[in-house]
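First comes the structure, then the notes that go with it.
Each reported figure results from applying straightforward, stated rules to the coordinates on display, with no laboratory input. Because the structure is a prediction, the values reported are computed rather than measured. When we count neighbours, we look across all protein chains shown, and the Cβ atoms used for this are built from the backbone with ideal geometry, even at glycine.
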Amino acid sequence: MKRRDFFKSFSSIALLGALPSALKAKNQKAEYNWKMVTTWPKNFPGLGTGAQYLADSINKLSGGRIKVTVYGAGELVPAFEIFDAVSNGVAELGHGSAYYWKGKNDTFQFFSTVPFGMTANEMNSWLYKGGGMELWEQAYSDFNLLPMAAGNTGVQMGGWFNKEINSLSDLKGLKMRIPGLGGEVLKRAGGTPVNLPGGELFTALKTGTIDATEWVSPYNDLAFGLHKAAKFYYYPGWHEPGTTLECFVNKDKYLELPEDLRSILLGASKMANLDMLCEMISRNNEALQILQDKHKVDIRPYPDEVLNELYEISKNVVKELSSSSDFAKEVYNSYSSFQEKTRNWNNISLKSYLNIKK
Ligand code: CA
């Protein structure tokens, strides 16, 4: 066959194949009607939209054979009950972040983020190619769940303050909204961590109920108007350097799927994982410019001395997580040895490249 003929016949075969399946997708009656419960308000920027993107991708890639309906926090079950809801089969899928379930097991926090832990690319490399995913699967198997990485915020910001942070002593007595392990680090530095849902941050900061807060990064922080409640915006988010979002599936429901739909589910989560990170980065670029140019926000780095001291405290806080069980030790060892190796490589690749003055 001549090259031209080959392409001609190839494209007509491809077309013949594509047309009926496209029609099929439109008219297909769903074989699986699934519910996805989430910890976010429906279509909340970046996170809720990320859950919706994943649901839409599963619908499209499966040609309509799986139809996923997304429920915002509180619509079907409260935000922090989605883990149990999916574990018990009330819904098939859940979308959140592993550190929310530390009450089940402290070790889960490694699958989300830890202070001075790995960045988005490092996390993905550990999860997909460094043994992290297998450990995460093991961790959730006790709860009849299969986890998938389904998004990442990238490096977050340090937070909003109404006073300058020049030394660690400036954190003493500071009442700051900072959840999880970051909060524990702040406590050991003399501050008072509090946990508040995102929707209450603006008022709490404006009225002085709290002195400072972290949220996410420019895209999400601008949406909440936090620049109207605080003077200084510090970076980087040492406490959340690359938070992984998750989608977990009820294992019985997963095993009911034929092989091709299982692959579609796992493939769609990888698409969603990349898509959210890219959305966060591109929207942060725009929002940062608005905060700088339009709102003239005082954006400044934490002094090196403060970061170094927070790092020393964090090392102990994170290491303590490894003491609860043999499994916790295994996860800690896997995470920290991967982080050390990837740091060595990043220092001579990414970091040295970004340090070039351009
Ligand atoms: Ca945060």
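Read phi for every residue in region 138-154 and hand back ³J(HN,Hα) as whole Hz from Karplus 6.51 cos²θ - 1.76 cosθ + 1.60, θ = phi - 60°, with x for Gly and Pro.
4, 4, 8, 5, 5, 10, 6, 10, 10, x, 9, 6, 9, x, 8, 7, x
Which cross-chain or sequence-distant (5 or more) residues have an amide H under 5 Å from the amide H of N152, H modelled 1.01 Å from N in plane?
It is L245, M276, L277, by chain and number.
Whole percent per 10 Å bin, from 0 to the bin with the longest distance: what is P(r) over all C-alpha pairs of region 174-253?
With a bin width of 10 Å, the distribution comes to 16, 47, 24, 9, 4, 0.
Could you put Y219, Y311 in order, starting from the residue whose Cβ has the fewest other Cβ atoms within 10 Å?
Going from least to most buried by this count: Y311, Y219.
Starting with the fewest neighbours, write out D298, D326, D142, D211 ranked by other beta-carbon atoms found within 10 Å of each beta-carbon.
Ranked by crowding around the Cβ, least crowded first: D326, D142, D298, D211.
I need the fraction of alpha carbon pairs in region 26-167 separated by more than 23 Å, rounded to a whole percent.
So the portion of pairs separated by more than 23 Å is 43 percent.
Ignoring everything except DSSP H segments at least 4 long, calculate the 222 nm mean residue ellipticity for the chain; use -39,500 (n - 2.57) per segment, divide by total residues, nearest 500.
-15000 deg cm²/dmol
For the chain, count the residues as N, evaluate 2.2 N^0.38 Å, and divide the Cα radius of gyration by that value, please.
1.09
Can you give me the Kirkwood hydrodynamic radius for region 246-319, using every pair of distinct Cα atoms, in Å to one decimal?
16.9
For L145, what residues show an amide H to amide H distance below 5 Å, using hydrogens built from the backbone and excluding near sequence neighbours?
Counting only residues 5 or more places away or on other chains, the set is K251.
Greater than 20 Å separation of Cα atoms is the criterion. Which listed pairs, K102/K341; K315/K341; K42/K251; K129/K253; K67/K102; K35/K60, meet it?
K102/K341; K42/K251; K129/K253; K67/K102
Expressed in nm², what is the orientationally averaged projection area of the convex hull enclosing the Cα positions of region 191-231?
That works out to 2.9 nm².
Among G89, G225, G130, whose mean-square fluctuation peaks in a Gaussian network model of the chain (Cα, cutoff 10 Å)?
Maximum among the listed residues: G225.
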